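The values are calculated or read from the model by the stated rules, or taken from the named source; none is laboratory data. All values derive from a computational prediction rather than experimental measurement. FYI the Cβ positions are ideal-geometry reconstructions off the backbone, even for glycines, and counts take in every protein chain you see. For accessibility, only protein heavy atoms count, side chains too; no ligands or nucleic acids. Shrake-Rupley method; radii C 1.70, N 1.55, O 1.52, S 1.80 Å.
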Amino acid sequence: MSVTVFNPRLDDATDEATSSAALNNLSVEQAPVHRAANKKVFITTQGCQMNVYDSDKMLDVLGDSHGMEVTHNIDDADVLLMNTCSIREKAQEKVFSELGRWRKLKEKRPDLVIGVGGCVASQEGDNIQKRAPYVDMIFGPQTLHRLPELYDQSNEQRDIAPKNRIGTIDVSFPSIEKFDFLPEPRVEGYKAFVSIMEGCSKYCSFCVVPYTRGEELSRPLDDVLAEIDSLAEQGVREINLLGQNVNGYRGQKDDGSICRFAELLHYVSHIDGVERIRYTTSHPLEFTDDIIDAYAKLPELVSHLHLPVQSGSNAILAAMKRNHTIDVYIDQINKLKAVRPDIHLSSDFIIGFPGETDADFQDTLNLAKALNFDHSYSFIYSKRPGTPASELPDDVSFATKKARLAEFQQVIIDSTLQKTHEMVGTTTRVLVEQVADRHPEYLLGTADNTRTVMFPFEEAQKDELLGKIVNVHITEFVSPHMVKGELVEVLA
Ligand code: SAH
Ligand code: F3S
């Protein structure tokens, strides 16, 4: 999936951005020059939520340091940024085809500055320079905060071919320093993502993330809590804790001791204004009893868990180096259901892993049918260079993989539909977010299980309801991801 991220916050925050640039030790002479230039940046984002978060931060640092504004229109832009994903081959190939189009723009407008960030840049920095020598800046997920410097370097060395420039490529992993250089989060709406850790040390045999984002590194507890405090003060009610493997969180506390993920959940739930907590993504291996206990104790934790299982076959799980069995996964779900009977589940699946037999695939189908996920993401296995699985013999034909994926996705679609239909007649918690664009007599919000909920309201109630957690009695199925209902009560 490829999305273009537009960050309207920067559009109306130029003044604020310029003044905080001064606070960030830029000389006073510098800021007006940048403001006068009023450069515009266009960004495309591929891949996961982490990348969406990172794109936001790229816009923030350029807004803060250079007063840059965001544009939707590529023809209007002075800077083009591509935040890339290398989780599957298809995503990676898209990078080069898109860059081909950007090259034509740069031929017409040589002043255009092109930057490539994200996981493809991290893994393929040299290759990008060879295949796309017109790219000015190359940076990884861990060095996006250095974007202003890379931009200045590219500008200063404008007359030198990009491959001969100095200081315009940085795909290093400078520990967790990135967060120390990011501007204060600014907010629109009632939901926000907060990155609590970077990287992954699980080394699943198919996955490129540990190589592109580095090993797990947790942000110190106080930094995470201060960021959430500030977001809550700006009106955020729902926090989504972000990381490739959040239950590996090991944040340093002030006294030098270590805070684990379950404890972090307790701290976050105590922050005034935080009414709902989600997290993305966790791993079954560290889905420990203290996390299950948090579901028993913390009503702020949503009744929805995205816990990727990848396959329903023990043999495939072993080959994937997931380090747990299906029984362990089912056990965890059962324990969770004991404390949260209304829990909604979702998962990721990889279909057609090397050596996947018909029987293995049947196990995956059976698991999906048995657990009846609220929704799931499923992909055909994609061989990633440098990962252990890429060395495995793969005797499953692509046609078979495609047929299995189609069969599997039908099961997933059916259970998504069933789950949405099952909401009718129940009462569900909703965070009220906005007036419906096309039906202004309705308010829209999100239920715990991520379905959009619409309900009618009186104009006089609007300000009282926006940003509140309310109970809605569901009366009607609208679409697989949307239901309609009647307001019951305001909860918080
Ligand atoms: N931290 C998560 C996964 C993050 S990657 C976890 O614990 O599993 C997001 C998803 O991309 C994975 O869950 C997996 O389903 C998919 N994925 C990763 N590498 C892949 C590959 N080589 N081929 C196909 N899908 C892949
Ligand atoms: Fe990838 Fe496994 Fe980590 S899927 S992100 S290596 S948990």
Run down GLU149, GLU124 and say which single residue is open to solvent by 10 Å² or more (accessible area, probe 1.4 Å) and under 22 Å from the mean Cα position of the chain (by Cα). GLU124
Which residues, counting only those in region 181-220, are over 24 Å from SER282 (Cα atoms) and either without any contact (Cβ under 8 Å) to a residue 12 or more places away in the chain or basic (Lys, Arg) (or both)? ARG186
When the residues of region 442-472 are narrowed to those that are more than 30 Å from the chain's Cα centre (by Cα) and closer than 23 Å to VAL424 by Cβ, which ends up surrounded by the fewest Cβ atoms within 10 Å (Cβ to Cβ)? PRO456
Can you run down the residue pairs with Cβ atoms below 6 Å, 6 or more apart or on separate chains, where the first is in region 234-254 and under 10 Å from CYS200 (Cα atoms) and the partner is within 9 Å of ligand 1 (Cβ to nearest atom) and not in a loop (DSSP other than H, G, I, E, B)? GLN244/VAL209
Does GLN409 satisfy being in a helix (DSSP H, G or I), over 19 Å from PRO308 (Cα atoms) and either open to solvent by 30 Å² or more (accessible area, probe 1.4 Å) or of a type outside the set (D, E, K, R) (or both)? no
Of the residues that make up region 174-194, is at least one surrounded by 15 or more Cβ atoms within 10 Å (Cβ to Cβ), within 16 Å of ligand 1 (Cβ to nearest atom) and within 17 Å of the chain's Cα centre (by Cα)? yes
Members of region 373-386 that are surrounded by 15 or more Cβ atoms within 10 Å (Cβ to Cβ) and either more than 7 Å from ligand 1 (Cβ to nearest atom) or more than 24 Å from the chain's Cα centre (by Cα) (or both): PHE373, ASP374, HIS375, SER376, SER378
Can you name every residue in region 412-436 that is among the acidic types (Asp, Glu) and either assigned to a helix (DSSP H, G or I) or free of Cβ contacts under 8 Å to residues at least 24 places away in the same chain (or both)? ASP414, GLU422
What are the residues in region 168-208 that are in a strand (DSSP E or B), away from ligand 2 (no atom under 16 Å from the Cβ), under 30 Å from GLU275 (Cβ atoms) and not small (Gly, Ala, Ser), if any? LYS191, PHE193, VAL194
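Filter region 225-244 for residues that are in a loop (DSSP other than H, G, I, E, B), away from ligand 1 (no atom under 16 Å from the Cβ) and either open to solvent by less than 40 Å² (accessible area, probe 1.4 Å) or at pLDDT 95 or above (or both) and give the result. Before the answer, list the steps.
So in region 225-244, the residues in a loop (DSSP other than H, G, I, E, B) come out as 234-237, 243-244.
Retained after the next criterion (residues that are away from ligand 1 (no atom under 16 Å from the Cβ)): 234-237.
Scanning region 225-244 gives GLY235, VAL236, ARG237.
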Hey, ASP342 at pLDDT 95 or above and either away from ligand 1 (no atom under 16 Å from the Cβ) or surrounded by fewer than 21 Cβ atoms within 10 Å (Cβ to Cβ) (or both) or not: no
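Considering only helices (runs of 4 or more DSSP H) fully contained in region 47-166, which possess at least 3 residues that are of a type outside the set (A, V, I, L, M) and free of Cβ contacts under 8 Å to residues at least 40 places away in the same chain? Reasoning before the result, please.
On the way: elements: 49-66, 89-108, 118-131, 147-156.
Filter on region 47-166 gives 89-108, 118-131, 147-156.
Would you confirm, using the coordinates I've provided, whether GLY189 is modelled with pLDDT under 95 and touching a strand residue (DSSP E or B) at 6+ places or on another chain (Cβ under 6 Å)?
no
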Identify, from the list HIS481, HIS439, the residue that is touching a residue at least 40 places away in the same chain (Cβ under 8 Å), of a type outside the set (Lys, Arg) and surrounded by fewer than 16 Cβ atoms within 10 Å (Cβ to Cβ). HIS481
